[in-house]
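K.L.:
Take this structure first; my questions come after.
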C-alpha cells in the first residue's frame, strides 16, 4: 500500500533546501497517524499511466500507447496484496472485498516500503507477467524497472541470506526473460533504458502525489533538458520543467483505515498538477 497519513501526529520539519523525491516519499511513509488513506499499488500505477499519457511539452518525449500501457500496469501484480485494478482488465477488485491490509506489530498498515522480499518479489514477477501479456516491450520496461530496484536492494539493504538469494534468483531469471523479450520487439537497448527512466519518473511522481508529499524535491531521472523539480503551491503540485503543457486534474482511489462511522471510507482523492 501507499500510505497517505490523515492528520499525522507530527508534520516533517520545513526545510530550506530541495531534497530527493524518494526522500520526500519515504518521509511520508514513516509518519504515524490515527488513520490513513490507503492507495493500492495497482491504482498508483494506473495514476502513473494517466501522467504518462498526458506528456505534452516539447521538452519531453511523446509516449506511444504501448509505453503508456506498460507504465499503467507496472504494479498490477500487487493486486493480490492490495486490491485495486485487476491486471489489464480495467475493472476494480472492489467488486469483491479488498484484501485485509498487511500490518506491523502495532497494527499500523504496512507501507509498500516495508513489505518483505518473499512478498514483493512475487508481486514484481506477477507485474512483469501482466505487462508481458500486453506486449514484449511492456515486459521489458517493467522487468527493467524491477531489476533496478532489486540491484539497489542488494546494494543497500541488510537482508538475510535467504532473502538475498531470493532477490539474486529473481535477477537471474529476469535477465533470461529480457533476452527472450528483446528478440520479439525492434527497439534498441538505449531507447529501452530511456523508456525505463520515464516509467520510473512517472512511478515516483505518482507516489509523491498519492502520499501527499509536500517537500520541494528533485527527480533523479534524466528525461528532460534539466532535472525536474516539484514544489507545492497550495494543493497544486508544480513541476519545473513540466511534461504537461497545461494543468492536469486527476484522481486516485483510496480507502480509509481504520474505517469511520461518520465519514466516507472510499473516495477518489483529487490531484492537481501543472
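The values are calculated or read from the model by the stated rules, or taken from the named source; none is laboratory data. As the structure is a prediction and not an experimental result, all values here were calculated from the model. Cβ: placed from backbone, ideal geometry, glycine included. Neighbour counts: every protein chain shown.
K.L.:
Just to be sure before I move on: is residue 47 touching a helix residue (DSSP H, G or I) at 6+ places or on another chain (Cβ under 8 Å), in a helix (DSSP H, G or I), surrounded by fewer than 19 Cβ atoms within 10 Å (Cβ to Cβ) and at pLDDT 95 or above in the structure I sent? Quick ask: steps written out before the conclusion?
P.N.:
Numbers: touching a helix residue (DSSP H, G or I) at 6+ places or on another chain (Cβ under 8 Å): yes; in a helix (DSSP H, G or I): yes; surrounded by fewer than 19 Cβ atoms within 10 Å (Cβ to Cβ): no; at pLDDT 95 or above: yes.
No, not satisfied.
K.L.:
I'd like to know if the range 63-85 contains one or more residues that are at pLDDT 95 or above, in contact with a strand residue (DSSP E or B) (Cβ under 7 Å, 6 or more places away or on another chain) and in a loop (DSSP other than H, G, I, E, B).
P.N.:
No, the range 63-85 contains no residue that is at pLDDT 95 or above, in contact with a strand residue (DSSP E or B) (Cβ under 7 Å, 6 or more places away or on another chain) and in a loop (DSSP other than H, G, I, E, B).
K.L.:
Quick one: residue 261 ticks every box in (1) assigned to a loop (DSSP other than H, G, I, E, B); (2) modelled with pLDDT of 95 or more; (3) within 30 Å of residue 194 (Cβ to Cβ) except a single one, so which number is it?
P.N.:
(3)
K.L.:
Restricting to the range 222-234, count the residues that are under 26 Å from residue 5 (Cβ atoms) and either in contact with a strand residue (DSSP E or B) (Cβ under 6 Å, 6 or more places away or on another chain) or surrounded by 18 or more Cβ atoms within 10 Å (Cβ to Cβ) (or both). Steps first, answer last, please.
P.N.:
Within the range 222-234, the subset under 26 Å from residue 5 (Cβ atoms) is 228-234.
Next cut, either in contact with a strand residue (DSSP E or B) (Cβ under 6 Å, 6 or more places away or on another chain) or surrounded by 18 or more Cβ atoms within 10 Å (Cβ to Cβ) (or both) only: 228-231.
The total comes to 4.
K.L.:
Report yes if residue 58 is farther than 24 Å from residue 259 by Cα and either in contact with a helix residue (DSSP H, G or I) (Cβ under 6 Å, 6 or more places away or on another chain) or at pLDDT below 95 (or both), otherwise no. Show your work before the answer.
P.N.:
Values: farther than 24 Å from residue 259 by Cα: yes; either in contact with a helix residue (DSSP H, G or I) (Cβ under 6 Å, 6 or more places away or on another chain) or at pLDDT below 95 (or both): yes.
Answer is yes for this residue.
K.L.:
Being at pLDDT 95 or above, out of contact with any helix residue (DSSP H, G or I) (no Cβ under 9 Å at 6 or more places or on another chain), under 21 Å from residue 41 (Cβ atoms) and not in a loop (DSSP other than H, G, I, E, B) narrows it down to one of 238, 267, so name that one.
P.N.:
Working: 238 fails: under 21 Å from residue 41 (Cβ atoms).
One residue alone meets the criteria, 267.
To keep it simple, each residue is scored yes or no on (1) free of Cβ contacts under 8 Å to residues at least 60 places away in the same chain; (2) farther than 18 Å from residue 104 by Cβ; (3) surrounded by fewer than 16 Cβ atoms within 10 Å (Cβ to Cβ).
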site	(1), (2), (3)
38	no, no, no
43	no, yes, no
51	no, yes, no
56	no, yes, yes
64	yes, yes, yes
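K.L.:
Within the range 110-121, take every residue that is surrounded by 17 or more Cβ atoms within 10 Å (Cβ to Cβ) and either assigned to a loop (DSSP other than H, G, I, E, B) or touching a residue at least 24 places away in the same chain (Cβ under 8 Å) (or both) and give me the one that is farthest from the chain's Cα centre (by Cα).
P.N.:
117
K.L.:
Here's another thing I want to ask about it. Quick one: in the range 225-235, which of the residues that are under 20 Å from the mean Cα position of the chain (by Cα) and assigned to a loop (DSSP other than H, G, I, E, B) is farthest from residue 46 (Cα to Cα)? Show your work before the answer.
P.N.:
In the first step, residues of the range 225-235 are kept if they are under 20 Å from the mean Cα position of the chain (by Cα); the result is 227-232.
From the residues that got through so far, the ones that are assigned to a loop (DSSP other than H, G, I, E, B) too are 227-228.
Numbers: 227: 24, 228: 21 Å.
Checking each candidate, the answer is 227.
K.L.:
What about residue 253, is it crowded, with 22+ Cβ neighbours inside 10 Å, in a strand (DSSP E or B) and either touching a helix residue (DSSP H, G or I) at 6+ places or on another chain (Cβ under 9 Å) or at pLDDT 95 or above (or both)? It would help to see each step written out before you state the result.
P.N.:
Details: crowded, with 22+ Cβ neighbours inside 10 Å: yes; in a strand (DSSP E or B): yes; either touching a helix residue (DSSP H, G or I) at 6+ places or on another chain (Cβ under 9 Å) or at pLDDT 95 or above (or both): yes.
Criteria met by residue 253.
K.L.:
Related question: Name the one entry in 195, 199, 239 that is buried (at least 16 other Cβ atoms within 10 Å of the Cβ) and within 29 Å of residue 116 (Cβ to Cβ).
P.N.:
199
K.L.:
Which one of 181, 209 is within 20 Å of the chain's Cα centre (by Cα) and either modelled with pLDDT of 95 or more or assigned to a strand (DSSP E or B) (or both)? Please lay out each step first, then the result.
P.N.:
Numbers: 181 fails: within 20 Å of the chain's Cα centre (by Cα).
Criteria check complete, one pass: 209.
K.L.:
On to the next question. With respect to residue 111, determine if the residue is in contact with a helix residue (DSSP H, G or I) (Cβ under 7 Å, 6 or more places away or on another chain) and either farther than 27 Å from residue 166 by Cα or modelled with pLDDT of 95 or more (or both). Quick ask: steps written out before the conclusion?
P.N.:
Numbers: in contact with a helix residue (DSSP H, G or I) (Cβ under 7 Å, 6 or more places away or on another chain): yes; either farther than 27 Å from residue 166 by Cα or modelled with pLDDT of 95 or more (or both): yes.
Considered against the rule, which asks whether it is in contact with a helix residue (DSSP H, G or I) (Cβ under 7 Å, 6 or more places away or on another chain) and either farther than 27 Å from residue 166 by Cα or modelled with pLDDT of 95 or more (or both), residue 111 comes out as yes.
K.L.:
Just to be sure I understand the filter: pairs with C-beta atoms under 7 Å, separated by 6 or more residues or on different chains, first member in the range 220-241 and without any contact (Cβ under 8 Å) to a residue 24 or more places away in the chain and on the phi < 0 side of the Ramachandran plot, second member surrounded by 14 or more Cβ atoms within 10 Å (Cβ to Cβ) and assigned to a strand (DSSP E or B). Which pairs pass?
P.N.:
Note: pairs meeting the criteria are 227/218; 231/238; 240/229.
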